[in-house]
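*Asks:* Sharing a structure with you now.
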Amino acid sequence: MSRRKRWGILIGAVLAALALAGVLVIRSARFQVWSTLRRVRESEHVTAPERWLRDWGVVRQLEEREAAAQLAPLGKGAVAPLARALDDEDSNVRAAATLALCDMSRPAIPALIKALKNKDPFVRYRVPPALGEFGPAAKDAVPALCRVLDDRTEHTIMRLTAALALGMIGPAAKDAVPALVRALSDPIIPELHATAARALGEIGPAAKEAVPALKKLAQSDSDERVREAAAEALWKIQLGQYER
């Protein structure tokens, strides 16, 4: 075999290896996350009418949701780069990453727990409902959700959705009972009383220590909705004890 032919085979093999490596990189979750988020950030393709709509938030929201739809199915490999994207300087990137993580499966839970401390309200406000959607699988989020619930300097939306998420996690959130009992008499957010009562009801018999506080609300609270929520929670807790 001539020297030229050997060099030709070697160069061909190297090119084939590079092509294969390129395909593997392009198909990797990390590259797809970067590529999709990059498209969200770039706006050269946006037309003048779309730019006007973007100023009003319409196109931006569509872009964020389209990016999220592409990112969410990537699975566990996408979690780390998406978690980093939550701190990106571009709000569109943060929004797309948040929506994607909220639509993901269990591997996203640790990143979502960390996102409860994110400085961007868009990111933070969407985390508690997303954690609640995981149900018992999100039990590791209970301590962080309790901290949000107990923080009286926290925004009303965050505290309400934290209580709601604890109820969605259900009996696995039994360690949240003391925080939910404190929320029953919160002096800052009256709306929290009914939400906390419903969450205690969803936790069931494990929330039996809340019974005295719930009875007090059911009998004497001035808000009919709170009385009804407390009565329903009592029924669920006591019925669950009977069934057991």
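Here, each number is a calculation from the coordinates, and none is a lab measurement. Nothing here was measured: the structure is a model prediction, and the numbers come from that model. Cβ: placed from backbone, ideal geometry, glycine included. Neighbour counts: every protein chain shown.
*Asks:* Taking Cα centroids, how far is region 193-240 from region 157-175 in Å?
*Replies:* Using only Cα atoms to place each centre, the spacing works out to 14 Å.
*Asks:* Could you tell me the relative contact order of region 110-244? Use alpha-carbon pairs under 8 Å, at least six residues apart, and round to a whole percent.
*Replies:* That works out to 19 percent.
*Asks:* Then there is this: Rounded, prolate or oblate, given the Cα gyration tensor of region 110-244, with a/c below 1.5 counting as rounded?
*Replies:* Oblate.
*Asks:* Quick check on the exposure proxy: order PHE122, PHE134 from fewest to most C-beta atoms within 10 angstrom.
*Replies:* In increasing order of surrounding Cβ atoms, one gets PHE122, PHE134.
*Asks:* While we're looking at this one, here's another question. Too long at a 29 Å Cα-Cα cut-off: which of LYS76/LYS236; LYS139/LYS208; LYS117/LYS236; LYS114/LYS215; LYS117/LYS208?
*Replies:* Among LYS76/LYS236; LYS139/LYS208; LYS117/LYS236; LYS114/LYS215; LYS117/LYS208, the Cα-Cα distance tops 29 Å for LYS76/LYS236; LYS117/LYS236; LYS114/LYS215; LYS117/LYS208.
*Asks:* On full extension of the chain, what length is gained from ILE157 through SER185, given 0.36 nm per residue of separation minus the C-alpha to C-alpha distance?
*Replies:* My answer for the length gained is 8.4 nm.
*Asks:* Give the order of VAL123, VAL177, VAL211 when sorted by the count of other beta carbons within 10 angstrom, beginning with the fewest. Walk me through the numbers on the way to the answer.
*Replies:* Numbers: VAL123 23, VAL177 19, VAL211 16.
By the 10 Å Cβ count, ascending, the order reads VAL211, VAL177, VAL123.
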